[in-house]
Amino acid sequence: MNEIAFILLERPVTWSEAALAFAGSSLLLLALVAISLWRGSRRREIDAAMSAERAREMDDKVAEMNRLQSELTGRMQSMAEILSTRQGDLARLVADRMDGLRQQVGSGLEQNVKQTTESLGKLQERLAVIDAAQKNLTDLTSEVVTLKDVLSNKQARGAYGQGRMEAIIRDGLPSAFFTFQPTLSNRNRPDCMVTLPGDGRGLVIDAKFPLESFTMLREARGEEAKKVASARVRGDVGQHVKDISERYFLPGETQDMALLFVPSESIYADLHEHFDDVIQKAHRARVMVVSPSLLALAIQLMQSLIRDARMREEAQVIQSEVGKLLADVRRLGERAEKLDQHFRQAQEDVAGIRTSAGKVTSRGEKIGALEFDDAKSEPALPFAKGLPLKAAE
């Protein structure tokens, strides 16, 4: 049109030429308008097709997400059922283990109580025996024993002393801790040997006592006769103490002390009252002169040592059982703690699954709430620019 205006300006034209030029320009304008309208219609058709394709893709994606959500929901339900079943099995297993452990602990405690009761019963019986023996010994010490007629010869006197000593020892000690007439490594045989717990060496007790000199001393009527009898008492008792120290002191086999048993309280009292030098000599030779009452006291002391040793053994057994019980309780606590950790981990996993399921459900609801309008939502769709679904939300 600019060229036509320029031509018209250069030279004068006729009316017909002007009309023809105007008609040509009008046709050209109509053609241009028609082309523009056709292009606009074509573009709208392409845009409508693209919008329909996007809507169809969106429907497919929403359907796929709904399918995935339903599968996820089903899996979560299955997982919840499995967890519930496993939790029930675990609870039953823990209950069974606790019942078994409770029964074991109860049986162990019951057995320990039973053994302790039996030990205390035996101890009461022994104490009753000791009380009875002490009462008998007290009655015996109140009497003055005359051995003149009973001990008329040496053999009968030895048998009497041996029998009384054996009676005292049998009443006070268990049979496993004493031996009568044992044979030592040097071929000598003492009247009795007592073995205390915790020491393999035996304590020698000799019941043979030189009574003839004491009988002579009691029958002496003059000062000279009493001096002679006293000298004989010192010599006989001293020799007997020497024989005991030489025959019965064996290193590693017997104790370094021995007991010389006097079967009469009155003779023992006379010996301590009138022959203190003999008693001191016996002490230096590590020989203790004992009467029936003192032997009974010594036996009671030995019995206390034996009882204490047995009680220590029982205490060690009880401590061992209590240690085992504490170890079982400690293992039970450790296993309960591990079980608690497993429970907490399972709860945290379930909470995480529920959180993820909530997020998926929330996203699905947001996607389902979207409105698809061809005219209004076309510039707002993120898929037109290749954006992901998360950016659109």
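The values are calculated or read from the model by the stated rules, or taken from the named source; none is laboratory data. Only a predicted model underlies this, so the values are computations on that prediction, with no experimental measurement involved. Positions of Cβ are generated from backbone atoms using ideal geometry, with glycine treated the same way; all protein chains shown enter the neighbour counts. Side chains included, ligands, DNA and RNA excluded: accessible areas come from the protein's heavy atoms. Shrake-Rupley method; radii C 1.70, N 1.55, O 1.52, S 1.80 Å.
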Do we find that ASP308 is outside any helix (DSSP H, G or I) and free of Cβ contacts under 8 Å to residues at least 40 places away in the same chain in this structure? no
Is the stretch 366-378 home to any residue that is in contact with a Leu (Cβ under 9 Å, 6 or more places away or on another chain), at pLDDT 80 or above, assigned to a helix (DSSP H, G or I) and over 30 Å from MET193 (Cα atoms)? yes
Six or more apart or on different chains, Cβ atoms under 8 Å: show the pairs whose first residue is in the stretch 168-179 and without any contact (Cβ under 8 Å) to a residue 60 or more places away in the chain and part of a helix (DSSP H, G or I) and whose second is crowded, with 20+ Cβ neighbours inside 10 Å and of a type in the set (Lys, Arg). none
Would a scan of the stretch 223-235 turn up a residue that is part of a loop (DSSP other than H, G, I, E, B), farther than 30 Å from ARG170 by Cβ, among the charged types (D, E, K, R) and open to solvent by 30 Å² or more (accessible area, probe 1.4 Å)? no
Out of curiosity, is ASP308 more than 30 Å from PRO197 (Cβ to Cβ) and either of a type in the set (Asp, Glu) or out of contact with any Phe, Trp or Tyr (no Cβ under 9 Å at 6 or more places or on another chain) (or both)? no
So ALA55, is it modelled with pLDDT of 80 or more, assigned to a helix (DSSP H, G or I) and more than 30 Å from GLY364 (Cα to Cα): no
Would you confirm, using the coordinates I've provided, whether ARG42 is out of contact with any strand residue (DSSP E or B) (no Cβ under 8 Å at 6 or more places or on another chain) and either hydrophobic (A, V, I, L, M, F, W, C) or at pLDDT 80 or above (or both)? no
Note on the stretch 228-273: residues touching a Pro at 6+ places or on another chain (Cβ under 9 Å) and under 21 Å from PHE178 (Cβ atoms) are ILE244, ARG247, TYR248, THR254, ALA258, PHE261, VAL262, PRO263
Could you figure out which of (1) part of a helix (DSSP H, G or I); (2) within 60 Å of the chain's Cα centre (by Cα); (3) hydrophobic (A, V, I, L, M, F, W, C) isn't true of MET257? (1)
Of the residues in the stretch 2-39 that are open to solvent by less than 80 Å² (accessible area, probe 1.4 Å) and not in a helix (DSSP H, G or I), the one that is modelled with the lowest pLDDT is VAL13
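Please specify each residue of the stretch 61-88 satisfying the condition of being polar (S, T, N, Q) and surrounded by 13 or more Cβ atoms within 10 Å (Cβ to Cβ).
If we filter the stretch 61-88 for residues that are polar (S, T, N, Q), which is where we start, we get 66, 69-70, 73, 77-78, 84-85, 87.
Those that are polar (S, T, N, Q) and surrounded by 13 or more Cβ atoms within 10 Å (Cβ to Cβ): ASN66, GLN69, THR73, GLN87.
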